[in-house]
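Here is the structure we will look at, set down as structure tokens.
Values in this text are rule-based calculations from the coordinates and carry no lab data. Since this is a predicted model, take the numbers as computed values, not measurements. Counting neighbours? That spans all protein chains shown, and the Cβs are built from the backbone with ideal geometry, glycine included.
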Amino acid sequence: MPTALTHAVLGAGAAAVFALRMRRVKPCTVLGLGAIAGASPDIDFVSFITGIPYEHALGHRGITHSVAATVAVAALIAAVVHARSRTHRVDRPFRPIGRDAVWLWAGLTVAGVVHALADMLTDGGLGIAIFAPFSWKRYFLPVTPIPVSPLWLSAETARVIGWEVLHLWPPAAAAIAIVFILRRRCETGH
Ligand SMILES: [Zn+2]
């Protein structure tokens with residue numbers, strides 16, 4: 001896997017694009033939630049601590065990396081944000097986010113799918129059970145140029161992060177920068 005930090009950056013970049021379709025949800029909120037959605041599949045890291053085998057459904061790169069799980073997690077987060085926006089409090093005006101919730105769900109889903117695709121481009125570990133629970137077969141993409149990150153912090157981790165910053169962060173950073181520029185222009189009318 002790329003490091004969790006890079007998964008968060010990629011998730012933020014992917015979700016940011018969808019912020020262009022949102023009116024009430026702030027881009028910074030989308031970025032933060034995109035980072036969470038992008039890194040969340042690796043919650044299965046606890047399987048290494050609990051002793052669940054790698055190839056198990058609940059093992060690393062199993063069900064949490066599937067499109068189905070990604071759709072569900074994104075829907076849950078979007079539903080919570082939507083519910084919070086409808087909660088009237090004296091110190092917070094009633095501002096339901098409406099259709100933004102659908103775009104947020106879509107953006108967070110893409111952030112999670114980007115995680116799975118990035119893992120499928122790595123040169124180590126087992127493949128990704130991307131179609132679980134309908135198929136437990138694990139997949140890689142035909143090319144695997146991304147160096148797999150060590151499971152535990154080490155000198156190799158620093159080298160891998162350096163590679164990721166150079167090769168994977170620029171497109172995410174560019175997407176985020178473009179979204180902020182366009183949203184700013186929309187809001188200022190220029
Ligand atoms: Zn992963």
What nm distance separates the two modelled labels at VAL102 and PHE134, each placed 7 Å from Cα along Cα→Cβ?
2.2
Charge sum, other residues only, whose C-beta stays under 12 Å from ARG99's C-beta, Lys/Arg counted +1 and Asp/Glu -1:
+2
Dipole size in debye (nearest 20) for the chain around its Cα centre, Lys and Arg Cβ +1, Asp and Glu Cβ -1?
1120
GLU164, GLU156 arranged by Cβ crowding within 10 Å, fewest neighbours leading
GLU156, GLU164
Simple label model, 7 Å out from Cα along Cβ direction - ILE49 to TRP169, nm
2.7
For the chain, what relative contact order do you get, as a whole percent, if you take Cα pairs closer than 8 Å and at least 6 residues apart?
30
Label-point gap, in nm, between LEU182 and THR87 - each point 7 angstrom along Cα→Cβ
3.2
In 10 Å bins starting at 0, how do the alpha-carbon pair distances of region 25-124 split up by percent?
15, 40, 26, 13, 5, 0
Can you check how the C-alpha radius of gyration of the chain compares to 2.2 N^0.38 Å, as a plain ratio?
1.09
Spin-label zone in region 17-51 - amide nitrogen under 19 Å from a point set 7 Å from the Cα of VAL80 along the C-beta vector:
25-46
